[in-house]
Amino acid sequence: AQSVSQHNHHVILSEAASLELGCNYSYGGTVNLFWYVQYPGQHLQLLLKYFSGDPLVKGIKGFEAEFIKSKFSFNLRKPSVQWSDTAEYFCAVNVAGNTGKLIFGQGTTLQVKP
Amino acid sequence: EPEVTQTPSHQVTQMGQEVILRCVPISNHLYFYWYRQILGQKVEFLVSFYNNEISEKSEIFDDQFSVERPDGSNFTLKIRSTKLEDSAMYFCASSEEAYQPQHFGDGTRLSIL
């Protein structure tokens with residue numbers, strides 16, 4: 001069965017520190033990859049997506065992610081975090097050609113200290 | 001920006017009772033989904049719905065669950081006889097196409113007593 005795992009459950013950083021959140025998935029075929037963010041009290045929002053093409057994708061708010069097919073990974077990065085980045089981050093995978101079902105990782109809580 | 005709206009935001013129900021969770025997807029979207037997140041666990045897929053029928057459902061989505069699009073705007077999730085383990089946050093989502101990013105509602109927190 002397909003699965004997604006996020007390596008870090010809880011990350012605490014100071015402002016201006018760099019961020020990298022790991023995400024690995026298990027599926028041998030073509031996938032679409034997503035990172036969603038959930039700010040406190042808000043709904044899940046799309047940060048960025050990868051369908052095909054350039055494996056380095058840029059999203060909103062200065063986030064980017066790199067798809068490494070050989071490692072089945074889609075890690076999220078941001079060079080310099082801000083206090084407002086405090087949120088929960090979810091990696092999700094959708095198997096290409098299926099019904100749209102998203103398989104989520106367990107989420108990473110990011111706390112940025114001012 | 002158009003949003004997916006869910007009502008109610010919090011539902012408290014006695015075990016064994018029926019509950020209906022409501023969602024209004026984005027108007028030009030064609031694919032609709034329900035997910036749930038039990039406290040401290042992953043967001044789990046329940047069901048996808050397209051062209052007025054279920055296109056995929058998970059093992060969680062047993063005979064106690066049903067979905068319906070009763071009119072052109074609402075998309076509902078019904079749990080016929082709730083159990084304690086149905087307590088969770090339920091998210092509705094919609095997308096234009098199956099592979100396109102899904103837009104999520106704020107969720108309904110369902111508490112079964």
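Brief remarks follow.
- Residue list for segment B:64-84, filter: without any contact (Cβ under 8 Å) to a residue 40 or more places away in the chain and either crowded, with 21+ Cβ neighbours inside 10 Å or over 11 Å from the mean Cα position of the chain (by Cα) (or both): B:Gln64, B:Val67, B:Arg69, B:Pro70, B:Asp71, B:Gly72
- Residue tally, condition more than 11 Å from A:His43 (Cβ to Cβ) and within 14 Å of chain A (Cβ to nearest Cβ), over segment B:103-113: 2
- Hey, A:Tyr36 facing chain B (nearest Cβ under 10 Å) and at pLDDT 95 or above or not: yes
- Boolean, A:Leu56 is more than 24 Å from B:Tyr90 (Cβ to Cβ), at the interface with chain B (Cβ under 10 Å from one of its Cβ atoms) and at pLDDT 95 or above: no
- In segment B:77-108, the residues that are among the small types (Gly, Ala, Ser) and farther than 17 Å from A:Thr99 by Cα: B:Ser81, B:Ser87, B:Ala88, B:Gly105, B:Gly107
- Subset of segment A:82-100 [out of contact with any helix residue (DSSP H, G or I) (no Cβ under 9 Å at 6 or more places or on another chain) and surrounded by fewer than 22 Cβ atoms within 10 Å (Cβ to Cβ)]: A:Trp83, A:Thr86, A:Ala87, A:Glu88, A:Val95, A:Ala96, A:Gly97, A:Asn98, A:Thr99
- Unique residue being within 14 Å of chain B (Cβ to nearest Cβ), within 17 Å of B:Pro101 (Cα to Cα) and modelled with pLDDT under 95 when the list is A:Ala65, A:Ala96: A:Ala96
- When we screen B:Val24, B:Val19, B:Val12 for residues that are more than 10 Å from chain A (Cβ to nearest Cβ), under 13 Å from the mean Cα position of the chain (by Cα) and within 13 Å of B:Ser87 (Cα to Cα), the only hit is B:Val19.
- When segment B:39-63 is filtered for residues that are over 13 Å from the mean Cα position of the chain (by Cα), polar (S, T, N, Q) and open to solvent by less than 60 Å² (accessible area, probe 1.4 Å), only B:Ser55 remains.
- In segment A:1-15, the residues that are part of a strand (DSSP E or B) and open to solvent by less than 80 Å² (accessible area, probe 1.4 Å): A:Ser3, A:Val4, A:Ser5, A:Gln6, A:Val11, A:Leu13, A:Ser14
- Residue that is surrounded by the fewest Cβ atoms within 10 Å (Cβ to Cβ), among those in segment A:16-65 that are acidic (Asp, Glu) and under 14 Å from the mean Cα position of the chain (by Cα): A:Glu20
- Figure legend. Inter-residue proximity from segment B:87-102: first residues at the interface with chain A (Cβ under 7 Å from one of its Cβ atoms) and free of Cβ contacts under 8 Å to residues at least 40 places away in the same chain, second residues open to solvent by 40 Å² or more (accessible area, probe 1.4 Å) and not acidic (Asp, Glu), beta-carbon distance below 6 Å, spacing 6+ or different chains. Indicated pairs: B:Pro101/A:Leu46; B:Pro101/A:Lys49.
- Boolean, A:Lys78 is surrounded by fewer than 16 Cβ atoms within 10 Å (Cβ to Cβ) and away from chain B (no Cβ under 13 Å): no
- In segment A:101-114, the residues that are open to solvent by less than 10 Å² (accessible area, probe 1.4 Å) and either within 14 Å of chain B (Cβ to nearest Cβ) or modelled with pLDDT under 95 (or both): A:Leu102, A:Phe104, A:Gly105, A:Gly107, A:Thr108
The values are calculated or read from the model by the stated rules, or taken from the named source; none is laboratory data. Predicted model, so just to flag it, every value in this text is computed and none were measured. Because the Cβ atoms are built from the backbone with ideal geometry, glycine has one as well, and the counts that use them run over all protein chains shown. Surface accessibility is based on the protein's heavy atoms, side chains included, excluding ligands, DNA and RNA. Shrake-Rupley method; radii C 1.70, N 1.55, O 1.52, S 1.80 Å.
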